[in-house]
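Since the structure comes first, as structure tokens, the remarks are kept for the end.
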Amino acid sequence: MKPLSLAEVASRAGVEDAYVRRLAELGALEGQGDGYGEQDVHRVALLHAWEVAGLAPESILMAVRQGELSFSFLETPGWVLPGRPDATYRGLSEQQGVPLSLILGLHEAIGFQPPGPEERVRHQDELAMVELARTILEAGVSEAAVRRTFHLYADNLRRLATAEAELYRAEVEARLRQEGMTETDLMRSGSQLGHLTAPLVHRTLLGIYERHRQHVWTEISIAHAEAALERAGLYQRVSRPPAICFVDLTGYTRLTEQQGDQVAARLAASLAAVVEDISQRHGGKPVRWLGDGGMFLFKEPTAGMVAAVEMVDSAPGAGLPPTHIGIHAGPVVSQDGDVFGRTVNIAARIAARAGGGEVLTSVANAASAPRWWRVAGEDR
């Protein structure tokens, strides 16, 4: 690979030339003034991130010399630093015909500090982001909605990345630490695993997204076809409102205080696995998780009621405390992957009244319930 100049290292790492020069003078880099390598780009980026977090490069280098840390794990980094396009954000705005305010605002929407108009574009991927924003704008979507879309992407992906790291630390790093692995070895091990899994994770996430995207848009197309057939007098639509189902673990707060956060987290994960599987089999989908429970949306009330009873009956067999469920049917407002409205509020209030092992619904919903169902307060 062709050696990189000091300016190229600074550009790739997103820092000033003077910062790279300072690190070189401290002896933190492998390369010399006549050429640097890819590992130096990662080393500069990491040292800069550490310094922003309050860890001075001088202290880091002292720990390296004392054998407490090592830079060798950067030879197999767990992430990739993309190339930087040779363009400023103002120039990108003019080239793509996208308002500069929106381009800068996209960074804030995805959770990062917005750049200045004359700064160079930080990442190659931002070209695709701006092109996507332009395409959405041309479809007649407002700038505010474009920002909301990017915030939606980023918020869910941030949660995913955070959960992935937490899972690694709990399931892998904790065990390696107990076996006596040093901090340097832990960093190296994590970086090596990240290097191996990153391309597979990217492909897996894209594949899962495409499958869900196909499913969602197929549902939308079916709704359009039903409406067209109905207008032509060829289809009689049965109009039934959706149902909102709140499921919670009974005594979760007390259990957390008695047995600790780790036990509570494990029970919450077990609950999620059980109720998500049941909801999917009855045509429902999880909308919101609340730590000790979740909210589910069903296309019609009967399926939601059957699923709710199955959830309650399945909890003890999965080693869970009793669950309590409230369910109510009615119109909902969908926005950003969540649902809102009076129906949601009523379902939440009903769930709060349910005791352990109970499934309650409103009197209005009970009229359309299966024969074995009874109104809240009676046996089911």
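The values are calculated or read from the model by the stated rules, or taken from the named source; none is laboratory data. Because the structure is a prediction, the values reported are computed rather than measured. Every residue, glycine among them, receives a Cβ derived from its backbone with ideal geometry; neighbour counts consider all protein chains shown. The accessibility values were calculated without ligands, DNA or RNA, using every heavy atom of the protein model including side chains. Shrake-Rupley method; radii C 1.70, N 1.55, O 1.52, S 1.80 Å.
Numbers for the structure displayed
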{"item": "Hits in the range 171-194 - residues which are open to solvent by less than 100 Å² (accessible area, probe 1.4 Å), assigned to a helix (DSSP H, G or I) and not polar (S, T, N, Q)", "result": "V172, E173, A174, L176, E183, D185, L186, M187, R188, G190, L193, G194"}
{"item": "Some residue of the range 228-244 being assigned to a strand (DSSP E or B), touching a residue at least 40 places away in the same chain (Cβ under 8 Å), open to solvent by less than 100 Å² (accessible area, probe 1.4 Å) and under 29 Å from G330 (Cα atoms)", "result": "yes"}
{"item": "Residue check for A303: within 21 Å of the chain's Cα centre (by Cα) and assigned to a helix (DSSP H, G or I)", "result": "no"}
{"item": "Subset of the range 37-71 [surrounded by 15 or more Cβ atoms within 10 Å (Cβ to Cβ), over 20 Å from G190 (Cβ atoms) and small (G, A, S)]", "result": "G37"}
{"item": "Test for H282: is it within 27 Å of T253 (Cα to Cα) and at pLDDT 90 or above", "result": "no"}
{"item": "Residues within the range 314-325 that are surrounded by fewer than 17 Cβ atoms within 10 Å (Cβ to Cβ) and at negative phi, tallied", "result": "5"}
{"item": "Within the range 285-335, tally of residues that are among the acidic types (D, E), under 18 Å from N365 (Cβ atoms) and out of contact with any strand residue (DSSP E or B) (no Cβ under 7 Å at 6 or more places or on another chain)", "result": "1"}
{"item": "The range 177-213: number of residues that are β-branched (V, I, T) and touching a Ser or Thr at 6+ places or on another chain (Cβ under 7 Å)", "result": "1"}
{"item": "Complete set of residues in the range 82-120 that are among the aliphatic types (A, V, I, L, M) and part of a helix (DSSP H, G or I)", "result": "L92, L100, L102, I103, L104, L106, A109"}
{"item": "Test set (1) touching a helix residue (DSSP H, G or I) at 6+ places or on another chain (Cβ under 8 Å); (2) exposed (fewer than 13 other Cβ atoms within 10 Å of the Cβ) - E119 fails condition number", "result": "(2)"}
{"item": "First in the range 104-127 and under 22 Å from N156 (Cα atoms), second anywhere and at pLDDT 90 or above and of a type in the set (G, A, S), Cβ under 6 Å, 6 or more apart", "result": "I110/A154; G111/A154"}
{"item": "V141 being of a type in the set (V, I, T), on the phi < 0 side of the Ramachandran plot and not in a helix (DSSP H, G or I)", "result": "yes"}
{"item": "Some residue of the range 90-98 being farther than 30 Å from A28 by Cα, at pLDDT 85 or above and in contact with a Lys or Arg (Cβ under 6 Å, 6 or more places away or on another chain)", "result": "yes"}
{"item": "Flag if R12 is modelled with pLDDT under 85, assigned to a helix (DSSP H, G or I) and not aliphatic (A, V, I, L, M)", "result": "yes"}
{"item": "Whichever residue in the range 195-212 is of a type in the set (A, V, I, L, M, F, W, C) and open to solvent by 60 Å² or more (accessible area, probe 1.4 Å) and, among such residues, is farthest from V64 (Cα to Cα)", "result": "I208"}
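This table checks each residue for (1) touching a Gly at 6+ places or on another chain (Cβ under 8 Å); (2) open to solvent by 60 Å² or more (accessible area, probe 1.4 Å).
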site	(1), (2)
Q262	no, yes
V274	no, no
Q280	no, yes
G284	yes, no
L290	no, yes
V312	yes, no
S334	no, yes
